[in-house]
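Note sheet for the following structure.
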Amino acid sequence: AEPKPEPTGRDAFAFRGDHQAGITTPAQDRLHFAAFDVTTGSRSQLIALLQAWTVAADRMTRGLSAGEVGPTEGASNLPPDDTGEAIGLPASGLTITFGFGPGLFRDAEGRDRFGLAGRQPKALRTLPHFPGDVLDPERSYGDLCIQACADDPQVAVHAIRNLARIGFGTVAVRWSQLGFGRTSTTSTSQSTPRNLFGFKDGTANVKAEQTADVNEHVWVGAGDDPRAEWLTGGSYLVTRRINMTIEVWDRQPLGDQEAFIGRTKDAGAPLSGGSEFTEPDFSMPGSDGPVIPTDSHVRVVHPDFNGGARMLRRGYNFVDGSNPLGGLDAGLFFIAFVRDPDTHFIPVQNAMAKSDALMEYLRVTGSALFAVPPGVGEGEYVGQGLFA
Ligand SMILES: C=CC1=C(C)c2cc3[nH]c(cc4nc(cc5[nH]c(cc1n2)c(C)c5CCC(=O)O)C(CCC(=O)O)=C4C)c(C)c3C=C
Ligand SMILES: [Fe+2]
(Lines give C-alpha, C1' and ligand atoms only; values in the text may rest on other atoms or scores of the structure.)
(Ligands and ions follow the chains in the order given, each with its own letter.)
Protein backbone atom coordinates (compact mmCIF):
# COMPACT_ATOMS: atom_id res chain seq x y z
CA ALA A 1 0.00 0.00 0.00
CA GLU A 2 1.14 3.53 -0.76
CA PRO A 3 2.49 5.29 2.37
CA LYS A 4 0.46 8.31 3.47
CA PRO A 5 3.00 10.70 5.02
CA GLU A 6 1.62 13.76 6.77
CA PRO A 7 3.27 17.20 6.46
CA THR A 8 6.13 17.38 8.94
CA GLY A 9 8.50 20.31 9.42
CA ARG A 10 10.91 21.14 6.62
CA ASP A 11 10.14 18.13 4.41
CA ALA A 12 6.50 18.91 3.74
CA PHE A 13 4.44 22.08 3.93
CA ALA A 14 0.68 21.93 4.34
CA PHE A 15 -1.10 22.81 1.11
CA ARG A 16 -4.19 24.14 2.94
CA GLY A 17 -4.18 27.12 5.27
CA ASP A 18 -5.02 30.82 5.56
CA HIS A 19 -2.50 31.73 2.83
CA GLN A 20 -1.12 29.66 -0.02
CA ALA A 21 2.22 28.00 0.68
CA GLY A 22 5.18 29.11 -1.43
CA ILE A 23 5.11 32.75 -0.35
CA THR A 24 6.24 33.13 3.26
CA THR A 25 7.31 29.47 3.60
CA PRO A 26 11.13 29.22 3.49
CA ALA A 27 12.34 29.56 -0.11
CA GLN A 28 13.45 26.19 -1.46
CA ASP A 29 16.42 25.65 -3.78
CA ARG A 30 14.58 24.72 -6.98
CA LEU A 31 11.78 26.17 -9.07
CA HIS A 32 9.58 25.12 -11.94
CA PHE A 33 7.17 27.92 -12.84
CA ALA A 34 4.52 27.57 -15.57
CA ALA A 35 2.04 30.00 -17.10
CA PHE A 36 -1.02 28.66 -18.92
CA ASP A 37 -3.49 29.89 -21.51
CA VAL A 38 -7.06 28.74 -20.86
CA THR A 39 -8.29 27.03 -24.03
CA THR A 40 -11.86 26.30 -22.98
CA GLY A 41 -14.76 28.77 -23.02
CA SER A 42 -16.61 26.82 -20.36
CA ARG A 43 -16.78 28.22 -16.83
CA SER A 44 -17.73 24.82 -15.39
CA GLN A 45 -14.75 23.17 -17.09
CA LEU A 46 -12.48 25.84 -15.61
CA ILE A 47 -13.89 25.23 -12.13
CA ALA A 48 -13.51 21.47 -12.59
CA LEU A 49 -9.85 21.99 -13.45
CA LEU A 50 -9.23 24.10 -10.33
CA GLN A 51 -10.90 21.37 -8.27
CA ALA A 52 -8.75 18.66 -9.87
CA TRP A 53 -5.61 20.76 -9.46
CA THR A 54 -6.41 21.29 -5.77
CA VAL A 55 -6.73 17.55 -5.10
CA ALA A 56 -3.52 16.73 -7.00
CA ALA A 57 -1.54 19.58 -5.40
CA ASP A 58 -2.70 18.60 -1.92
CA ARG A 59 -1.52 15.03 -2.59
CA MET A 60 1.83 15.86 -4.18
CA THR A 61 2.83 18.27 -1.39
CA ARG A 62 2.38 15.31 0.99
CA GLY A 63 4.79 13.23 -1.08
CA LEU A 64 1.96 11.22 -2.63
CA SER A 65 1.29 10.54 -6.31
CA ALA A 66 -0.80 13.08 -8.23
CA GLY A 67 -3.73 10.67 -8.61
CA GLU A 68 -5.05 8.20 -6.07
CA VAL A 69 -4.47 5.13 -8.26
CA GLY A 70 -0.73 5.74 -8.62
CA PRO A 71 1.90 5.57 -11.37
CA THR A 72 2.09 1.78 -11.69
CA GLU A 73 -0.94 0.44 -9.85
CA GLY A 74 -3.60 1.12 -12.47
CA ALA A 75 -5.00 -0.79 -15.42
CA SER A 76 -2.41 -1.63 -18.07
CA ASN A 77 -4.70 -0.40 -20.86
CA LEU A 78 -5.01 3.14 -19.39
CA PRO A 79 -2.52 6.00 -19.01
CA PRO A 80 -1.41 6.20 -15.35
CA ASP A 81 -2.79 9.06 -13.21
CA ASP A 82 0.78 9.92 -12.18
CA THR A 83 3.77 10.07 -14.48
CA GLY A 84 6.11 8.17 -12.14
CA GLU A 85 9.36 10.14 -12.01
CA ALA A 86 8.81 10.96 -8.34
CA ILE A 87 8.37 7.32 -7.25
CA GLY A 88 10.35 6.90 -4.05
CA LEU A 89 11.09 10.59 -3.63
CA PRO A 90 9.91 12.41 -0.48
CA ALA A 91 7.85 15.61 -0.59
CA SER A 92 11.16 17.54 -0.63
CA GLY A 93 9.53 20.69 0.76
CA LEU A 94 7.28 21.00 -2.32
CA THR A 95 4.97 24.01 -2.38
CA ILE A 96 2.48 24.66 -5.18
CA THR A 97 1.13 28.19 -5.55
CA PHE A 98 -1.63 29.14 -8.00
CA GLY A 99 -2.28 32.55 -9.59
CA PHE A 100 -4.83 34.15 -11.94
CA GLY A 101 -3.72 36.45 -14.77
CA PRO A 102 -5.67 39.39 -16.27
CA GLY A 103 -6.63 37.25 -19.28
CA LEU A 104 -8.79 35.03 -17.09
CA PHE A 105 -11.15 37.94 -16.57
CA ARG A 106 -11.18 39.60 -19.99
CA ASP A 107 -9.81 38.49 -23.34
CA ALA A 108 -7.64 40.73 -25.55
CA GLU A 109 -10.78 42.45 -26.89
CA GLY A 110 -12.05 43.14 -23.37
CA ARG A 111 -14.79 40.48 -23.48
CA ASP A 112 -15.83 38.82 -20.23
CA ARG A 113 -14.68 35.22 -20.73
CA PHE A 114 -16.14 33.40 -17.73
CA GLY A 115 -18.50 35.88 -16.06
CA LEU A 116 -15.63 37.11 -13.86
CA ALA A 117 -14.97 40.59 -15.28
CA GLY A 118 -16.91 42.34 -12.52
CA ARG A 119 -14.59 40.80 -9.95
CA GLN A 120 -11.28 41.59 -11.67
CA PRO A 121 -8.90 43.18 -9.16
CA LYS A 122 -8.19 46.80 -10.08
CA ALA A 123 -4.42 46.29 -10.11
CA LEU A 124 -4.54 43.09 -12.18
CA ARG A 125 -3.58 44.47 -15.59
CA THR A 126 -0.78 43.73 -18.03
CA LEU A 127 2.30 45.42 -16.54
CA PRO A 128 3.31 48.58 -18.40
CA HIS A 129 6.28 48.58 -20.74
CA PHE A 130 9.40 49.60 -18.81
CA PRO A 131 12.55 51.03 -20.41
CA GLY A 132 14.96 48.12 -20.84
CA ASP A 133 12.16 45.62 -21.53
CA VAL A 134 12.76 43.49 -24.62
CA LEU A 135 9.91 41.14 -23.89
CA ASP A 136 9.39 37.87 -25.67
CA PRO A 137 5.60 37.32 -25.70
CA GLU A 138 6.30 33.58 -25.55
CA ARG A 139 7.96 34.10 -22.16
CA SER A 140 5.38 36.60 -20.88
CA TYR A 141 1.76 36.91 -19.68
CA GLY A 142 -0.65 34.01 -19.07
CA ASP A 143 -4.20 33.36 -17.80
CA LEU A 144 -3.12 31.10 -14.95
CA CYS A 145 0.18 30.33 -13.28
CA ILE A 146 1.60 27.65 -11.05
CA GLN A 147 4.79 28.13 -9.03
CA ALA A 148 6.24 24.80 -7.88
CA CYS A 149 9.22 25.05 -5.51
CA ALA A 150 11.05 22.15 -3.90
CA ASP A 151 14.47 21.12 -2.67
CA ASP A 152 14.64 18.46 -5.41
CA PRO A 153 14.28 19.63 -9.05
CA GLN A 154 12.68 16.32 -10.04
CA VAL A 155 9.90 16.91 -7.51
CA ALA A 156 9.19 20.44 -8.78
CA VAL A 157 9.18 19.29 -12.42
CA HIS A 158 6.97 16.31 -11.56
CA ALA A 159 4.43 18.67 -9.98
CA ILE A 160 4.17 20.97 -13.00
CA ARG A 161 4.19 18.07 -15.45
CA ASN A 162 1.29 16.34 -13.71
CA LEU A 163 -0.75 19.52 -13.29
CA ALA A 164 -0.25 20.29 -17.00
CA ARG A 165 -1.28 16.72 -17.82
CA ILE A 166 -4.45 17.07 -15.74
CA GLY A 167 -5.19 20.33 -17.55
CA PHE A 168 -4.96 18.85 -21.05
CA GLY A 169 -7.95 20.07 -23.08
CA THR A 170 -8.70 22.94 -20.67
CA VAL A 171 -5.37 24.77 -20.54
CA ALA A 172 -2.14 24.79 -22.52
CA VAL A 173 1.30 25.66 -21.20
CA ARG A 174 2.19 29.12 -22.54
CA TRP A 175 5.69 29.25 -21.09
CA SER A 176 7.64 27.73 -18.25
CA GLN A 177 10.86 28.50 -16.41
CA LEU A 178 13.26 26.37 -14.38
CA GLY A 179 15.30 27.94 -11.59
CA PHE A 180 18.22 26.26 -9.88
CA GLY A 181 19.32 28.40 -6.93
CA ARG A 182 17.17 30.60 -4.77
CA THR A 183 18.12 34.28 -4.76
CA SER A 184 16.28 35.22 -1.62
CA THR A 185 15.61 34.33 1.95
CA THR A 186 12.05 34.43 3.22
CA SER A 187 12.90 33.41 6.80
CA THR A 188 15.42 34.68 9.32
CA SER A 189 16.41 31.02 9.80
CA GLN A 190 17.89 30.87 6.27
CA SER A 191 21.37 31.91 5.15
CA THR A 192 21.56 34.47 2.35
CA PRO A 193 22.27 32.88 -1.06
CA ARG A 194 24.03 34.52 -4.03
CA ASN A 195 22.84 35.56 -7.47
CA LEU A 196 24.85 35.05 -10.70
CA PHE A 197 26.62 38.40 -10.23
CA GLY A 198 28.14 36.72 -7.17
CA PHE A 199 26.43 39.00 -4.63
CA LYS A 200 24.38 38.02 -1.61
CA ASP A 201 20.72 38.43 -2.51
CA GLY A 202 17.83 38.52 -0.07
CA THR A 203 19.48 40.36 2.83
CA ALA A 204 16.84 43.09 3.18
CA ASN A 205 13.94 40.93 1.99
CA VAL A 206 10.62 40.86 3.83
CA LYS A 207 10.88 37.77 6.07
CA ALA A 208 8.07 35.56 7.36
CA GLU A 209 8.92 36.39 10.98
CA GLN A 210 8.30 40.12 10.32
CA THR A 211 4.54 39.62 10.53
CA ALA A 212 3.69 43.33 10.63
CA ASP A 213 5.68 43.90 7.42
CA VAL A 214 4.15 40.83 5.78
CA ASN A 215 0.66 42.12 6.61
CA GLU A 216 1.49 45.63 5.41
CA HIS A 217 3.36 44.77 2.22
CA VAL A 218 2.44 41.24 1.07
CA TRP A 219 -1.16 40.21 1.87
CA VAL A 220 -4.11 41.95 0.26
CA GLY A 221 -6.18 43.38 3.09
CA ALA A 222 -9.96 43.40 3.58
CA GLY A 223 -11.29 46.56 1.95
CA ASP A 224 -8.24 47.05 -0.30
CA ASP A 225 -10.37 46.46 -3.39
CA PRO A 226 -14.16 46.31 -2.86
CA ARG A 227 -14.85 44.51 -6.14
CA ALA A 228 -12.22 41.85 -5.42
CA GLU A 229 -12.91 40.94 -1.80
CA TRP A 230 -12.23 37.33 -2.83
CA LEU A 231 -8.52 38.30 -2.99
CA THR A 232 -8.31 39.23 0.72
CA GLY A 233 -5.51 37.18 2.29
CA GLY A 234 -3.98 36.65 -1.14
CA SER A 235 -1.28 38.62 -2.90
CA TYR A 236 -0.01 39.68 -6.31
CA LEU A 237 2.82 37.75 -7.97
CA VAL A 238 5.16 39.55 -10.37
CA THR A 239 7.55 37.59 -12.59
CA ARG A 240 10.38 39.20 -14.56
CA ARG A 241 12.77 37.03 -16.55
CA ILE A 242 15.91 39.16 -16.34
CA ASN A 243 18.83 38.21 -18.54
CA MET A 244 22.16 39.24 -17.03
CA THR A 245 25.08 39.95 -19.37
CA ILE A 246 27.38 38.03 -17.09
CA GLU A 247 30.37 37.90 -19.48
CA VAL A 248 30.42 41.73 -19.57
CA TRP A 249 29.88 41.92 -15.80
CA ASP A 250 32.79 39.54 -15.19
CA ARG A 251 35.15 42.05 -16.86
CA GLN A 252 34.19 44.86 -14.45
CA PRO A 253 36.59 45.64 -11.57
CA LEU A 254 35.46 44.46 -8.13
CA GLY A 255 35.15 48.04 -6.86
CA ASP A 256 32.84 48.94 -9.74
CA GLN A 257 30.70 45.85 -9.20
CA GLU A 258 30.31 46.80 -5.53
CA ALA A 259 29.45 50.39 -6.48
CA PHE A 260 26.74 49.15 -8.89
CA ILE A 261 25.13 47.09 -6.12
CA GLY A 262 25.94 49.41 -3.17
CA ARG A 263 27.12 46.52 -1.00
CA THR A 264 30.37 44.56 -0.58
CA LYS A 265 30.67 41.36 -2.56
CA ASP A 266 32.13 39.29 0.25
CA ALA A 267 29.96 40.03 3.29
CA GLY A 268 27.07 41.79 1.59
CA ALA A 269 27.52 44.76 3.93
CA PRO A 270 26.41 48.24 2.85
CA LEU A 271 29.28 50.34 1.50
CA SER A 272 28.66 52.73 4.40
CA GLY A 273 30.07 50.05 6.72
CA GLY A 274 29.09 47.41 9.26
CA SER A 275 28.06 43.87 8.49
CA GLU A 276 25.41 42.26 6.28
CA PHE A 277 22.38 43.34 8.29
CA THR A 278 23.60 46.86 9.19
CA GLU A 279 21.22 49.53 7.86
CA PRO A 280 22.79 51.46 4.94
CA ASP A 281 23.68 55.11 5.58
CA PHE A 282 22.87 56.82 2.29
CA SER A 283 24.06 60.23 3.51
CA MET A 284 27.60 59.10 4.45
CA PRO A 285 30.00 61.08 2.24
CA GLY A 286 32.66 59.34 0.13
CA SER A 287 35.57 60.74 -1.84
CA ASP A 288 33.30 61.66 -4.77
CA GLY A 289 29.69 61.93 -3.59
CA PRO A 290 27.94 59.55 -1.15
CA VAL A 291 29.87 56.38 -0.31
CA ILE A 292 26.77 54.43 -1.46
CA PRO A 293 26.40 55.89 -4.96
CA THR A 294 23.03 57.45 -5.73
CA ASP A 295 22.69 55.17 -8.80
CA SER A 296 23.56 51.97 -6.89
CA HIS A 297 20.89 49.29 -6.94
CA VAL A 298 20.21 49.22 -3.20
CA ARG A 299 19.89 53.02 -3.08
CA VAL A 300 17.51 53.17 -6.06
CA VAL A 301 15.14 50.41 -4.87
CA HIS A 302 15.32 51.17 -1.14
CA PRO A 303 11.93 51.78 0.56
CA ASP A 304 13.12 55.21 1.81
CA PHE A 305 13.09 56.45 -1.80
CA ASN A 306 10.00 54.52 -2.92
CA GLY A 307 7.21 55.67 -0.62
CA GLY A 308 8.11 53.04 1.98
CA ALA A 309 7.16 50.18 -0.36
CA ARG A 310 8.67 46.76 0.33
CA MET A 311 8.23 43.46 -1.47
CA LEU A 312 8.75 39.79 -0.70
CA ARG A 313 11.27 38.62 -3.27
CA ARG A 314 11.39 34.89 -4.08
CA GLY A 315 13.41 34.66 -7.30
CA TYR A 316 15.79 32.06 -8.74
CA ASN A 317 18.95 31.90 -10.84
CA PHE A 318 18.55 30.40 -14.29
CA VAL A 319 20.84 29.25 -17.10
CA ASP A 320 18.94 28.21 -20.22
CA GLY A 321 21.89 27.14 -22.36
CA SER A 322 23.75 29.72 -24.43
CA ASN A 323 22.78 32.45 -26.87
CA PRO A 324 23.80 32.65 -30.57
CA LEU A 325 26.82 34.81 -29.62
CA GLY A 326 28.18 32.09 -27.34
CA GLY A 327 27.26 33.87 -24.11
CA LEU A 328 25.20 32.14 -21.45
CA ASP A 329 21.45 32.68 -21.62
CA ALA A 330 21.51 33.30 -17.90
CA GLY A 331 20.04 35.57 -15.30
CA LEU A 332 17.59 35.97 -12.51
CA PHE A 333 13.99 34.85 -12.72
CA PHE A 334 12.67 37.60 -10.46
CA ILE A 335 9.55 36.75 -8.48
CA ALA A 336 7.99 39.17 -6.01
CA PHE A 337 4.81 38.98 -3.93
CA VAL A 338 3.24 42.35 -3.17
CA ARG A 339 0.04 43.70 -1.69
CA ASP A 340 -0.51 46.10 -4.57
CA PRO A 341 1.68 46.22 -7.72
CA ASP A 342 0.61 49.82 -8.38
CA THR A 343 2.34 51.02 -5.22
CA HIS A 344 4.79 48.23 -4.38
CA PHE A 345 6.27 47.16 -7.71
CA ILE A 346 5.65 49.47 -10.68
CA PRO A 347 7.20 52.62 -9.11
CA VAL A 348 10.27 50.64 -7.97
CA GLN A 349 10.72 49.04 -11.40
CA ASN A 350 10.37 52.48 -13.01
CA ALA A 351 13.00 53.92 -10.66
CA MET A 352 15.34 51.07 -11.58
CA ALA A 353 14.78 51.56 -15.30
CA LYS A 354 15.41 55.30 -14.96
CA SER A 355 18.49 55.48 -12.77
CA ASP A 356 19.89 52.10 -11.64
CA ALA A 357 23.53 51.49 -12.67
CA LEU A 358 22.75 47.76 -12.76
CA MET A 359 20.44 48.24 -15.77
CA GLU A 360 23.42 48.35 -18.12
CA TYR A 361 23.93 44.63 -17.40
CA LEU A 362 20.26 43.57 -17.54
CA ARG A 363 17.72 42.80 -20.28
CA VAL A 364 14.18 41.88 -19.27
CA THR A 365 12.92 39.16 -21.61
CA GLY A 366 9.78 38.00 -19.79
CA SER A 367 7.13 39.65 -17.66
CA ALA A 368 3.83 38.67 -16.06
CA LEU A 369 1.45 39.61 -13.28
CA PHE A 370 -0.96 37.31 -11.43
CA ALA A 371 -3.40 37.63 -8.54
CA VAL A 372 -2.75 34.91 -6.00
CA PRO A 373 -5.92 33.86 -4.21
CA PRO A 374 -5.81 33.27 -0.45
CA GLY A 375 -5.19 29.87 1.11
CA VAL A 376 -7.45 26.89 0.54
CA GLY A 377 -9.62 25.70 3.44
CA GLU A 378 -10.63 22.08 4.08
CA GLY A 379 -13.10 20.92 1.43
CA GLU A 380 -12.45 23.97 -0.77
CA TYR A 381 -10.70 24.35 -4.11
CA VAL A 382 -8.14 27.00 -4.95
CA GLY A 383 -9.73 30.33 -5.93
CA GLN A 384 -13.22 29.17 -4.87
CA GLY A 385 -14.08 32.62 -3.54
CA LEU A 386 -13.79 34.10 -7.03
CA PHE A 387 -16.48 31.78 -8.39
CA ALA A 388 -18.85 31.92 -5.39
C1 LIG B 1 11.73 46.05 -9.19
C2 LIG B 1 12.27 45.34 -8.25
C3 LIG B 1 13.60 44.69 -8.32
C4 LIG B 1 14.21 44.09 -9.40
C5 LIG B 1 13.67 43.89 -10.80
C6 LIG B 1 15.49 43.63 -8.95
C7 LIG B 1 16.44 42.99 -9.73
C8 LIG B 1 17.71 42.57 -9.31
N9 LIG B 1 18.27 42.72 -8.05
C10 LIG B 1 19.53 42.20 -8.03
C11 LIG B 1 20.41 42.16 -6.94
C12 LIG B 1 20.15 42.64 -5.65
N13 LIG B 1 19.00 43.24 -5.21
C14 LIG B 1 19.12 43.60 -3.90
C15 LIG B 1 18.16 44.22 -3.12
C16 LIG B 1 16.89 44.60 -3.54
N17 LIG B 1 16.37 44.50 -4.81
C18 LIG B 1 15.09 44.98 -4.84
C19 LIG B 1 14.23 45.08 -5.94
C20 LIG B 1 14.50 44.60 -7.22
N21 LIG B 1 15.62 43.98 -7.65
C22 LIG B 1 14.78 45.39 -3.51
C23 LIG B 1 13.45 46.00 -3.10
C24 LIG B 1 15.88 45.17 -2.73
C25 LIG B 1 16.01 45.46 -1.23
C26 LIG B 1 16.36 46.90 -1.01
C27 LIG B 1 16.44 47.22 0.48
O28 LIG B 1 15.39 47.23 1.14
O29 LIG B 1 17.54 47.46 0.96
C30 LIG B 1 20.45 43.23 -3.45
C31 LIG B 1 21.04 43.51 -2.08
C32 LIG B 1 20.79 42.41 -1.09
C33 LIG B 1 19.36 42.31 -0.66
O34 LIG B 1 18.88 43.10 0.14
O35 LIG B 1 18.68 41.41 -1.15
C36 LIG B 1 21.09 42.64 -4.55
C37 LIG B 1 22.48 42.06 -4.58
C38 LIG B 1 19.79 41.71 -9.34
C39 LIG B 1 21.09 41.06 -9.76
C40 LIG B 1 18.67 41.94 -10.11
C41 LIG B 1 18.41 41.62 -11.53
C42 LIG B 1 18.97 40.65 -12.20
FE1 LIG C 1 17.38 43.74 -6.49
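The values are calculated or read from the model by the stated rules, or taken from the named source; none is laboratory data. Here the structure is a predicted model, which means the values were calculated and not measured. Because the Cβ atoms are built from the backbone with ideal geometry, glycine has one as well, and the counts that use them run over all protein chains shown.
Here are some notes:
- Any chance residue 310 is at pLDDT 95 or above and either touching a Lys or Arg at 6+ places or on another chain (Cβ under 8 Å) or more than 11 Å from ligand 1 (Cβ to nearest atom) (or both): no
- Of the residues making up the range 79-136, those that are in contact with an Asp or Glu (Cβ under 7 Å, 6 or more places away or on another chain), in a loop (DSSP other than H, G, I, E, B) and buried (at least 21 other Cβ atoms within 10 Å of the Cβ) are 91, 92, 93, 101, 121, 123.
- Some residue of the range 237-260 being within 16 Å of ligand 2 (Cβ to nearest atom) and without any contact (Cβ under 8 Å) to a residue 60 or more places away in the chain: yes
- Within the range 290-328, being assigned to a strand (DSSP E or B), of a type outside the set (S, T, N, Q) and within 14 Å of ligand 2 (Cβ to nearest atom) holds for 312, 313, 316.
- Residue among 58, 11 that alone is at pLDDT below 95, of a type in the set (Asp, Glu) and under 24 Å from the mean Cα position of the chain (by Cα): 11
- Being within 13 Å of ligand 1 (Cβ to nearest atom), surrounded by 15 or more Cβ atoms within 10 Å (Cβ to Cβ) and not in a helix (DSSP H, G or I) is a property that holds for residue 334.
- Selection within the range 287-304: residues that are surrounded by fewer than 16 Cβ atoms within 10 Å (Cβ to Cβ), more than 9 Å from ligand 1 (Cβ to nearest atom) and modelled with pLDDT of 95 or more. The member of this set that is nearest to residue 346 (Cα to Cα) is 294.
- Residue check for residue 341: touching a residue at least 12 places away in the same chain (Cβ under 8 Å), surrounded by 20 or more Cβ atoms within 10 Å (Cβ to Cβ) and in contact with a Pro (Cβ under 7 Å, 6 or more places away or on another chain): no
- Every pair of residues 6+ apart whose Cβ atoms lie under 8 Å, when the first sits in the range 288-307 and is farther than 10 Å from residue 261 by Cβ while the second is near ligand 1 (Cβ under 10 Å from one of its atoms) and among the acidic types (Asp, Glu): 295/356; 300/356; 301/356
- The set of residues in the range 168-200 being within 10 Å of ligand 1 (Cβ to nearest atom) and in contact (Cβ under 8 Å) with a residue 24 or more places away in the chain consists of 183, 184, 185, 192, 195, 196, 197, 198, 199, 200.
- Every pair of residues 6+ apart whose Cβ atoms lie under 8 Å, when the first sits in the range 128-141 and is of a type in the set (Val, Ile, Thr) while the second is modelled with pLDDT of 95 or more: 134/363; 134/364; 134/365
- Condition broken by residue 151, with the remaining ones in (1) more than 15 Å from residue 336 (Cβ to Cβ); (2) within 16 Å of ligand 2 (Cβ to nearest atom); (3) among the acidic types (Asp, Glu) satisfied: (2)
- Yes/no for residue 360 being more than 16 Å from ligand 2 (Cβ to nearest atom) and farther than 26 Å from residue 32 by Cβ: no
- Residue check for residue 66: crowded, with 23+ Cβ neighbours inside 10 Å, more than 20 Å from residue 104 (Cβ to Cβ), in contact with a Lys or Arg (Cβ under 9 Å, 6 or more places away or on another chain) and in contact (Cβ under 8 Å) with a residue 12 or more places away in the chain: yes
- Taken as a whole, the condition of being of a type in the set (Val, Ile, Thr), near ligand 1 (Cβ under 9 Å from one of its atoms) and not in a loop (DSSP other than H, G, I, E, B) applies to residue 348.
- Odd one out for residue 55 among (1) among the hydrophobic types (A, V, I, L, M, F, W, C); (2) surrounded by fewer than 23 Cβ atoms within 10 Å (Cβ to Cβ); (3) under 30 Å from residue 190 (Cβ atoms): (3)
- Every test in (1) surrounded by 18 or more Cβ atoms within 10 Å (Cβ to Cβ); (2) at pLDDT below 95 is passed by residue 49 save one, and that test is (2).
- Scope the range 246-265; condition within 27 Å of the chain's Cα centre (by Cα) and under 24 Å from residue 302 (Cβ atoms); matching residues: 249, 257, 258, 260, 261, 262, 263, 264, 265
- Per the listing 218, 238, 206, 214, the residue uniquely under 15 Å from the mean Cα position of the chain (by Cα), crowded, with 17+ Cβ neighbours inside 10 Å and more than 11 Å from ligand 1 (Cβ to nearest atom) is 218.
- Breaking point among (1) more than 10 Å from ligand 1 (Cβ to nearest atom); (2) closer than 30 Å to residue 304 by Cβ; (3) in contact with a helix residue (DSSP H, G or I) (Cβ under 7 Å, 6 or more places away or on another chain); (4) part of a helix (DSSP H, G or I), for residue 354: (3)
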